[in-house]
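First up is the structure itself, then whatever we jot down about it.
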Amino acid sequence: MVGGEAAAAVEELVSGVRRATDFAEQFRSYSESEKQWKARMEFILRHLPDYRDPPDGGGRLDQLLSLSMVWANHLFLGCSYNKDLLDKVMEMADGIEVEDLPQFTTRSELMKKAVPSPLEATLRAHWKESHGDFAAVLLSRLRFSHYQRQETLSNIASPETKRNLDVEPCT
């Protein structure tokens, strides 16, 4: 008899997991990959008991779904959010294993690695030798940009447009 009770308990457990999975499936976004959905579903199922809507409503389930999207968007798309919110969802997701996550580089990290263009490098070197002042390089680039714009306008603009747009370069 004990074996029958254990089998019934296992069957009940499996049935409960299936019901929970079927319930969570309705919240899958059409744009989520299988890997993204499995991770987000694990997040949802892990916290579903704590976020069930009370009989009077309350939107707790909506809050859980929102938190799951914040976590998934941060993980898979590199979205950034308020530090407190990210701390909360990362704590909630502690222990959820996701393989082959994409690596993201922030704008600040990219700017630190920025390589100057050949023109910028030449201007910096020239002005550093003669003036040692980066502001002069910036002014030079502005003048260069102005003349380049004037040259482009002279190639495509009508004489009347040229008169209206013709301005003296900054000195």
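Read the figures in this text as sums done on the coordinates, not as results from a lab. Quick caveat, the model's predicted, so the values are computed rather than measured. Ideal geometry is used to build each Cβ from the backbone, glycine not excepted, and the neighbour counts take in all protein chains shown.
Observations on the structure shown:
- FRET efficiency, Leu61 to Glu11 (Cβ-Cβ, R0 30 Å, nearest 0.05): 0.65
- Our estimate of slack between Arg52 and Ala121, defined as 0.36 nm per intervening residue step minus the Cα-Cα distance, is 18.8 nm.
- Highest average packing first - 83-93, 32-42, Cβ atoms within 10 Å: 32-42, 83-93
- Between Glu91 and Glu34, the FRET efficiency estimated from the beta carbon spacing at R0 = 22 angstrom works out to 0.30.
- Amide H contacts for Cys79 (H built 1.01 Å from N in the peptide plane; partners 5 or more residues away or on another chain; cut-off under 5 Å): His74.
- Total formal charge among the other residues, if their Cβ is under 13 angstrom from that of Gly4, Lys/Arg +1 and Asp/Glu -1: -3
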